[in-house]
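Presented below is the structure to which this report refers.
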């Protein structure tokens, strides 16, 4: 029984790491957030039931993004079946089915997550400045809204880049996730 | 049974995408122009520009923040947990070790760090002369009267005690009272085969294997079969269904006693050792010197009759992947890996550079894939190149 507890901890780790991203990703297909959550949870249930192994994080992501996409398309198909005669719906569905859309949405979610992770690792002031700068505020606008001098803003930005560099340089995070093998 | 594998090519695509995300986030954080080179043709310029505009749009981030705020990770975990506990009873029905690991081909991480630079398109092997085809279900059935029958996909066979239908050879479920009569199954290179014996025991046989078994077992005696050589996966019909008659797998170097269980035996002629891997249940193994009981997840290594049996813990998925139609490798030396491939594709292997024999590879390959696809995927690691001439694979 201890072994199966271990399993659930690793499963939880995987869930915690990827659940929000996968929900956001699913929402780009389904528009509805609750339906997206349901779809993602169903995929996680499947992973648990089938005791699928993931040796590292990218393998897990690759599998899960694909599974969530397929789940969402299934949901859409059942919903669209009745209105499929409208040309615009068919075109929209073809676009959602395409690899291009799939990759674009993965990049959306993954890049946003990376950016957030990098900014969240910064000290509070630095993070505030970078977040505003991401929202396209100019240095002057940032300085005004935080009551700082423009030179302080520039200096803080420099510090921020320096701190974030190692985070963004390393290409892949390696995470060992083995789920079924301990369940003897 | 469900086996999930991610094709290597799509995994490589995914790696490219993730690498692109890294460089893109770098550019965005620095507030630079969109010059991140995606090293990939998976995304169009149009999509790239659209993405870049989003990342520099305050509405995009505000919207994202709002959605993330509406996702309660802790609360939804509770919901998910109740769903998976509810399905726990169902879980028992799944073949426990059917799920395959999803892995990457390459030298650990290094290959993928460097992927964009080392990603060269090599010559298409299909352009070269190549007569190598992937293996399939086939065997030679040796009958009690010495007759030999070739069984393959196209064959339909109906014998006295057995019939061959849709790639399965099934024996009539009858108990014998008289003498034991033996049949043989010989699986050639490039073959695999499935047989269900008269007691209901299922046996999957790998390429270059030979099994000797009685057409019918005698009640009150141990059910004894012999794996003459090669590799087999047994799902043994439980002894409680046979009035306690145990099941024994004999080999030259050892004897294995079973009570109802699933296990894999690999006993290739050229391999230095004989490997028995237990998936479920319990087995006892005896050789000249020692007797050992195996627990699930353990592997007994028999280095020959002069040595004691050595028991190690293993990931059974690796030992039984062949049965589910995949090659599964973890830190496997290239030579050993090519040895397995050559058995299935019935090809010769030749190393031009001996150093490469010891290169370690991990990964999942589908046995149904043709050899070109498979070798091309291996080439994507940038560490080896292959050349196929006739039935020979040259490794450079």
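All of the numbers you see were taken from the coordinates with simple rules; none came from a lab. All figures in this text were calculated on a predicted structure; none of them were measured in a lab. Because the Cβ atoms are built from the backbone with ideal geometry, glycine has one as well, and the counts that use them run over all protein chains shown.
General remarks:
- Ranked list, fewest to most other Cβ atoms within 10 Å of each Cβ, for A:43, B:384: B:384, A:43
- Cβ-based exposure ranking for B:224, B:277, in which fewest neighbours within 10 Å come first: B:224, B:277
- Per residue of peptide A:67-75, the mean number of Cβ atoms on other chains within 10 Å of the residue Cβ is 0.
- Relative contact order [Cα under 8 Å, 6+ residues apart], the stretch B:145-272, whole percent: 18 percent
- Per-residue average of Cβ from other chains inside 10 Å of B:71-78: 4
- Sites residue B:167 and residue B:83 - FRET efficiency at Förster radius 41 Å, r taken between beta-carbons, to 0.05: 0.65
- Convex hull volume per residue for the stretch A:2-169, taking Cα atoms only, in Å³: 164 Å³
- Ranked by the mean number of other Cβ atoms within 10 Å of their residues, highest first, the peptides B:238-247, A:56-65, A:124-133 fall in the order A:56-65, A:124-133, B:238-247.
- Kirkwood hydrodynamic radius of the stretch B:136-314, Cα pairs, Å: 16.5 Å
- Inter-label distance, nm, simple model (7 Å from Cα along the C-beta direction), residue B:293/residue A:90: 6.7 nm
- Relative packing of peptides B:146-156, B:321-331 - highest average C-beta neighbours within 10 Å first: B:321-331, B:146-156
- Peptides B:191-197, B:134-140, B:309-315 ordered by average Cβ neighbours within 10 Å, highest first: B:191-197, B:134-140, B:309-315
- Using only Cα coordinates, the Kirkwood hydrodynamic radius of the stretch B:311-373 works out to 12.6 Å.
- Inter-chain shielding of A:109-119 (mean C-beta neighbours from other protein chains, 10 Å cut-off): 6
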